[in-house]
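Right, one structure below, let's go through it.
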Amino acid sequence: MNVELDPVCGMTVDPDRAAGSYEYEGKTYYFCSTHCLHRFREDPEKFLQKSALPIVQIASPAHIESKPGQ
């Protein structure tokens, strides 16, 4: 299955089942909802700059093991 990332919220989207798509500067972007599609249409560069940032995973406190005495 081919999946794309919604540039607004970061969700994975199956292009065949996307709520919408939008072509911008020769590339087609796919969206999980019409809300994300409308936000992207208003200011594509805002979301494209955001998606160019490195992805950093932060562990939640529930996933951090604490050792006695620390």
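Scan segment 1-14 and tell me whether some residue there is modelled with pLDDT under 95, β-branched (Val, Ile, Thr) and in contact with a Ser or Thr (Cβ under 8 Å, 6 or more places away or on another chain). Among the residues of segment 1-14, at least one is modelled with pLDDT under 95, β-branched (Val, Ile, Thr) and in contact with a Ser or Thr (Cβ under 8 Å, 6 or more places away or on another chain), which makes the answer yes.
Restricting attention to segment 1-41, the residues that are surrounded by fewer than 13 Cβ atoms within 10 Å (Cβ to Cβ) and touching a helix residue (DSSP H, G or I) at 6+ places or on another chain (Cβ under 7 Å) add up to 1. Looking at segment 44-53, is at least one residue open to solvent by less than 50 Å² (accessible area, probe 1.4 Å), modelled with pLDDT of 95 or more and in a helix (DSSP H, G or I)? Yes, segment 44-53 has at least one match. Within segment 24-45, residues that are free of Cβ contacts under 8 Å to residues at least 60 places away in the same chain reach partners that are assigned to a helix (DSSP H, G or I) with beta carbons closer than 6 Å, at six or more positions or on different chains, in the pairs TYR24/PRO44; TYR30/PRO15; PHE31/LEU37; PHE40/PHE47.
The values are calculated or read from the model by the stated rules, or taken from the named source; none is laboratory data. Please read all numbers here as calculations on a predicted model, not as lab measurements. Cβ coordinates were reconstructed from backbone atoms using ideal geometry, including for glycine residues, and neighbour counts include every protein chain displayed. All accessible areas refer to the heavy atoms of the entire protein, side chains included, with ligands and DNA or RNA removed. Shrake-Rupley method; radii C 1.70, N 1.55, O 1.52, S 1.80 Å.
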